[in-house]
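Here is the structure we will look at, set down as structure tokens.
Derivation of every value follows stated rules applied to the coordinates shown; laboratory data play no part. Only a predicted model underlies this, so the values are computations on that prediction, with no experimental measurement involved. Cβ atoms come from the backbone with ideal geometry, glycine included; neighbour counts cover every protein chain shown.
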């Protein structure tokens, strides 16, 4: 018999704040974390816009030798993981005595690769690289460092699926627990924010150039959107088997009810598809035993790109036209947190669910012909949220949809 899967802890380190309390307040206030970074323009970017994420201070929290192997995104994820475990009531003694998994979404680690390459080009001596770049530069840098730092003994791997990575990591953790293969998993997503990691995105003209008004640059679903704003950080969730959570007296934040996925199968690697989006959302609702009428809030993937927002709007209209679900993309405030986004947006949705509000789709001033048909929240809306659908769609046609609900 399939197990029930619940969320007992969450943590966040983002441009909206470095704790769930700070981020909850920013969401309710509709406060943007986007700034102009002159260093990006100096480096050669077309756009200097970015989400501003505070650098963590790990000194005093981790041994020096362990810290040196942490990539930027692993540091973000570690801080989010600390908060998630603390909220779940999980301490070091528990982690030492029990099997806990670690599955994180991460699809690049550019900064250490570029830094190591520069040393090799200048010095022509690999011995000068030391022993730490290898642990920082692998795509599995997040889960390998977290599993070591937290002494985790369960499933231990990365999900590399573009901007759906964080969402798929939650979905696969959910499936492992549902099937009885794990009792608890720390999962989430992390994204580096260094300018060294985003030049290839800038090269294809994906970024907004509305640099005179940084907080108005990310405009999901708006007619005048001109591209996304890169951002990042770390988000973590403690997923747990329901009876196991009850037995240890854990506070249950929500239940993971459904996971859906698909691939677009299009001939162009960056081409979005409304059909692929519909399949992922439909599969998640079927898994959850829900209909469109059961969903109260949809956290849209909408990144503020012309094509991506258009096809998601078409898909949402196909499934939710005439339904009561409110829709917003938190990327109007955060920018696009890329590999982290699918996980951070579950944290954002949980905070809204707990606070009984829907955060605004910031900068949605003029709908286009597709978004005009959607029930988009333009301002913070006080409402009871029992069930949330969260979308994440990535390059290569990888789609993920998650459904979480209040526990019943």
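Brief remarks follow.
- For peptides 111-119, 271-279, 21-29, sequence by mean Cβ density within 10 Å, most packed first: 271-279, 21-29, 111-119
- Computed over region 5-247, the ratio Rg/Rh where both radii use C-alpha atoms and Rh is Kirkwood: 0.99
- Theoretical ellipticity at 222 nm over the chain - DSSP helices of four or more residues, -39500 (n - 2.57) apiece, nearest 500: -10500 deg cm²/dmol
- Label point distance in nm, residue 223-residue 203, each placed 7 Å from Cα along Cα→Cβ: 3.6 nm
- The distance between label points at residue 131 and residue 65 comes to 0.6 nm (points 7 Å beyond Cα on the Cα→Cβ vector).
- Using R0 = 30 Å, the C-beta based FRET efficiency linking residue 1 and residue 291 works out to 0.80.
- Quarter of Cα convex hull surface for the chain, i.e. mean projection, nm²: 19.2 nm²
- Centroid-to-centroid separation of region 1-54 and region 174-231 [C-alpha atoms, Å]: 9 Å
- Kirkwood Rh and Cα Rg combined as Rg over Rh, evaluated for region 259-405: 0.92
- Highest-first arrangement of 66-72, 216-222, 198-204, 327-333, where packing means the average Cβ count within 10 Å: 327-333, 216-222, 66-72, 198-204
- Debye log10 I(q)/I(0) for region 344-383, one point scatterer per Cα, at q = 0.17, 0.20, 0.36 Å⁻¹: -0.52, -0.67, -1.14
- Under the criterion of Cα pairs below 8 Å and six or more residues apart, the relative contact order for region 1-137 equals 26 percent.
- Fraction of C-alpha pairs exceeding 13 angstrom in region 177-225: 75 percent, rounded to a whole number.
- The mean sequence separation of alpha-carbon pairs under 8 Å and at least six residues apart, normalised by the residue count of the chain, gives a relative contact order of 24 percent.
- Taking the Cα atoms of region 225-320, the ratio Rg/Rh between the radius of gyration and the Kirkwood radius comes to 1.05.
- Efficiency of FRET between residue 39 and residue 318 - r from beta-carbon atoms, R0 60 angstrom, step 0.05: 0.90
- With a simple spin-label model that places each label point 7 Å from the Cα along the Cα-to-Cβ direction, the separation between residue 96 and residue 368 comes to 5.6 nm.
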